[in-house]
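**Q** This is the structure, below, for whatever I ask next.
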Amino acid sequence: MKVHVDTDLCAGFGICVGICPEVFELHDDGYATVLPSEVPPELQDLVRRAASQCPAQAIFITDD
Ligand code: SF4
């Protein structure tokens, strides 16, 4: 599974970071980015939850 954040859509709510700080990181400019783009199996449920709860629908997941 791969994940990325579209910074054009991200509004910096930080919900993704609250759900899965191992993968998402909020930058000083107010936008979230992804730390490892390849998501380890144990974090995939959290990443899916973050994507479903992102108010800006800025998180995109690609399944292998
Ligand atoms: S939850 Fe969505 S809008 Fe908020 S910081 Fe994460 S990617 Fe950006």
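The values are calculated or read from the model by the stated rules, or taken from the named source; none is laboratory data. Being a predicted model, the structure only gives us computed values, none of them experimental. Cβ sites come from the backbone with ideal geometry, for glycine too, and all protein chains shown count toward neighbours.
**Q** For the range 50-64, enumerate the residues that are more than 11 Å from the ligand (Cβ to nearest atom), more than 14 Å from THR33 (Cα to Cα) and not polar (S, T, N, Q).
**A** Correct list: ASP63, ASP64.
**Q** Among the residues of the range 28-52, write down those that are at pLDDT below 95 and in contact with a Gly (Cβ under 9 Å, 6 or more places away or on another chain).
**A** Within the range 28-52, ASP29, GLY30, TYR31, ALA32 meet the criteria.
**Q** Something else now. Please go through the range 21-44 and give me each residue that is assigned to a loop (DSSP other than H, G, I, E, B) and either closer than 14 Å to ALA56 by Cα or in contact (Cβ under 8 Å) with a residue 12 or more places away in the chain (or both), ordered by number.
**A** Across the range 21-44, the qualifying residues are GLU22, VAL23, GLY30, TYR31, LEU35, PRO36, SER37, VAL39.
**Q** To continue, here is another question. Among (1) more than 6 Å from the ligand (Cβ to nearest atom); (2) in contact (Cβ under 8 Å) with a residue 12 or more places away in the chain; (3) surrounded by 12 or more Cβ atoms within 10 Å (Cβ to Cβ); (4) not β-branched (Val, Ile, Thr), where does GLY18 come up short?
**A** Result: GLY18 fails condition (2) only.
**Q** For the range 21-42, which residues satisfy the criterion of being surrounded by fewer than 17 Cβ atoms within 10 Å (Cβ to Cβ) and more than 10 Å from the ligand (Cβ to nearest atom)?
**A** Passing the criteria: PRO21, GLU22, ASP28, ASP29, LEU35, PRO36, SER37, GLU38, PRO40, PRO41, GLU42.
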